[in-house]
1. Out of the residues in the range 82-102 that are of a type in the set (A, V, I, L, M) and more than 16 Å from ALA174 (Cα to Cα), state the one that is surrounded by the most Cβ atoms within 10 Å (Cβ to Cβ).
2. Here is a check on your reading of the model: is THR152 modelled with pLDDT of 90 or more and within 24 Å of ASN16 (Cα to Cα)?
3. Identify, from the list THR51, THR9, the residue that is at pLDDT 95 or above, hydroxyl-bearing (Ser, Thr, Tyr), assigned to a helix (DSSP H, G or I) and touching a Phe, Trp or Tyr at 6+ places or on another chain (Cβ under 6 Å).
4. Would you confirm, using the coordinates I've provided, whether ALA174 is surrounded by 23 or more Cβ atoms within 10 Å (Cβ to Cβ), touching a Phe, Trp or Tyr at 6+ places or on another chain (Cβ under 9 Å) and within 16 Å of LEU64 (Cβ to Cβ)?
5. Would you point out the residue of the range 72-108, among those that are of a type in the set (Gly, Ala, Ser) and in a loop (DSSP other than H, G, I, E, B), that is nearest to PHE34 (Cα to Cα)?
6. Does at least one position in the range 144-159 carry a residue that is exposed (fewer than 12 other Cβ atoms within 10 Å of the Cβ), within 18 Å of VAL105 (Cβ to Cβ) and free of Cβ contacts under 8 Å to residues at least 12 places away in the same chain?
7. Go through (1) modelled with pLDDT of 95 or more; (2) surrounded by 14 or more Cβ atoms within 10 Å (Cβ to Cβ); (3) part of a loop (DSSP other than H, G, I, E, B) and name the single condition PRO46 misses.
8. Within the range 38-68, how many residues are touching a residue at least 60 places away in the same chain (Cβ under 8 Å) and touching a strand residue (DSSP E or B) at 6+ places or on another chain (Cβ under 8 Å)?
Amino acid sequence: MFAGVPLTTRTLILVNVAVFLLQLVTGDLLIVLFALWPLHTPYFHPWQLITYAFLHGSVAHIFLNMFALFMFGRALEQLFGARRFLLFYLVCVLAAGLTQLAVQVPGATPEPTLGASGGVFGVLLAFAWYFPRQRLILLPIPIPLPAWLFVTLYGLVELFFGITGREPNVAHFAHLGGALGGALCLIYWSARRRFSP
């Protein structure tokens with residue numbers, strides 16, 4: 001199954017799966033300690049800005065995230081190299097977490113954020129950045145779309161759900177924050193290459 005999958009992508013998938021299995025054994029303990037809690041709660045700790053991305057709420061949640069990481073992370077890691085790909089992924093995770101904290105309402109019922117979706121959205125954006133004409137299929141509509149259009153439509157859908165408040169148990173703005181963090185990282189790297197001697 002992992003034949004041809006680069007080291008960092010493979011390791012991220014295996015760590016996420018291992019943590020999810022540990023969640024099944026420990027119950028809510030890992031959620032309390034390592035999910036991303038709102039700033040105004042006593043549960044918040046700074047390390048949660050990274051650790052939340054290794055926790056998941058269901059089998060479907062982790063499957064979709066790891067499948068996307070498997071599909072798009074391989075090409076990016078081969079393009080970036082292992083260390084730069086890991087750095088990029090963690091920047092996206094951090095940006096997603098910070099965005100989620102920024103949009104949380106202090107008076108609302110405190111709920112934790114968890115899942116690798118913010119990092120995955122950054123990876124998806126980077127894939128469309130470097131492989132814009134690669135055809136992707138948006139299920140359940142089996143129409144191949146170029147990657148740039150796929151990601152643009154996906155981002156607009158996330159923005160719509162985030163603004164309207166539909167699907168309230170999904171961190172839509174965290175997804176967008178991960179994509180934004182990825183875009184800023186890519187712009188920074190591009191500028192550094194352009195102006196370096």
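The values are calculated or read from the model by the stated rules, or taken from the named source; none is laboratory data. Nothing here was measured: the structure is a model prediction, and the numbers come from that model. All Cβ positions, glycine included, derive from the backbone under ideal geometry; neighbour counts span all protein chains shown.
1. Selected residue: LEU86.
2. no
3. Only one candidate qualifies: THR51.
4. Judged against the criteria, ALA174 is a match.
5. The qualifying residue nearest to PHE34 (Cα to Cα) is ALA108.
6. no
7. Looking at each condition in turn, PRO46 falls short on (2).
8. Number satisfying all stated conditions: 1.
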